[in-house]
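Below is one structure; the comments refer to it alone.
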Amino acid sequence: RSSLKGASDRPHLMFFAGTPNSCLRRSIVDAFVNSTDEDVRVFGAALPRRDFREELFSARFCLVPDGFSAISARLYEVMMHGCVPVVISEAFHPPFERVVDFRRFAVFARPGEVKVVHRLLRGVPRAQHAALHGQLE
């Protein structure tokens, strides 16, 4: 098992892997699966468990598109691996929203911003990422 990597120990900007079984997932895969940017790690299929975990540990931000609901196991899995979640949703209603302020450890984007999400994430200063990541530890 890899140890939880700190904010500065994550070489890739962003990560997503999954089957393109929704319009939002399809737009993520279409936008980035053939990217030549080594910081952008997007796979249009599920990865073997070990590879998936290593990608989670190696990325600063992990895309969490909403699906049948705005909450999914992916959100918790991303958080457990110390990857700052990028919640892509029009209507995100997190669990315990009156108690837990998700803005302290997550970034939010709208589905229409998928094609530029990598640019938005590059604009997040390292200190801000470290603060978001610190809330996940």
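The values are calculated or read from the model by the stated rules, or taken from the named source; none is laboratory data. No experiment lies behind these values; they were computed from the predicted model shown. Reconstructed Cβ throughout: ideal geometry from the backbone, glycine too, with neighbour counts over all protein chains shown. The accessibility values were calculated without ligands, DNA or RNA, using every heavy atom of the protein model including side chains. Shrake-Rupley method; radii C 1.70, N 1.55, O 1.52, S 1.80 Å.
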- [ ] Mind grabbing the base-10 log of I(q)/I(0) for the range 68-123 at q = 0.26 Å⁻¹? Debye formula, identical points on the C-alpha positions, no solvent, two decimal places.
- [x] -1.25
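For the full complex of protein chains and a 1.4 angstrom probe, list Thr36, Thr19 by accessible area with the highest value first.
Details: Thr36 135, Thr19 65 Å².
Putting Thr36, Thr19 in descending order of accessible area: Thr36, Thr19.
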- [ ] Step through the residues of the range 117-133 one at a time and calculate ³J(HN,Hα) from phi using the Karplus curve (6.51 cos²θ - 1.76 cosθ + 1.60, θ = phi - 60°), rounding each to whole Hz and writing x for Gly and Pro.
- [x] 4, 5, 5, 4, 5, 5, x, 7, x, 3, 5, 5, 4, 4, 5, 4, 4
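How much accessible area per residue does the chain have, counting only protein heavy atoms and a probe of 1.4 Å, in square angstrom? Working shown, then result.
Details: 7660 Å² over 137 residues.
I get 56 Å² per residue for the chain.
On full extension of the chain, what length is gained from Met80 through Leu120, given 0.36 nm per residue of separation minus the C-alpha to C-alpha distance? Don't skip to the end; give the middle numbers.
On the way: separation 40, 0.36 × 40 = 14.40 nm, distance 2.32 nm.
So the chain would gain 12.1 nm between Met80 and Leu120.
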TODO: For the chain, just the Cα atoms, rotate onto the principal axes and tell me the three extents in Å, largest first.
DONE: 33, 31, 29
TODO: Take peptides 26-32, 95-101, 128-134, 53-59 and line them up by average Cβ neighbours within 10 Å, highest first, as a rough protection proxy.
DONE: 53-59, 26-32, 128-134, 95-101
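Rounded to the nearest 0.05, what FRET efficiency do Ser35 and Arg110 give with R0 = 25 Å and r taken as the Cβ-Cβ distance? Could you check? Spell out each step's value before the answer.
Numbers: r = 20 Å, r/R0 = 0.82.
The value I calculate is 0.75.
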TODO: Return the inverse of the average 1/r over all pairs of distinct C-alpha atoms in the range 1-81, which is the Kirkwood hydrodynamic radius, in Å to one decimal.
DONE: 13.0
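If you place +1 on the Cβ of every Lys and Arg, -1 on the Cβ of every Asp and Glu, and leave all else neutral, what size is the dipole of the chain about its Cα centre, to the nearest 20 Debye?
Values: 19 positive and 15 negative charges, 23 e Å.
My answer is approximately 100 debye.
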Open item on the list: Within the chain, what whole-number % of the accessible surface is contributed by carbon and sulfur, with the 1.4 Å probe and all protein chains included in the calculation?
Closed with: 53
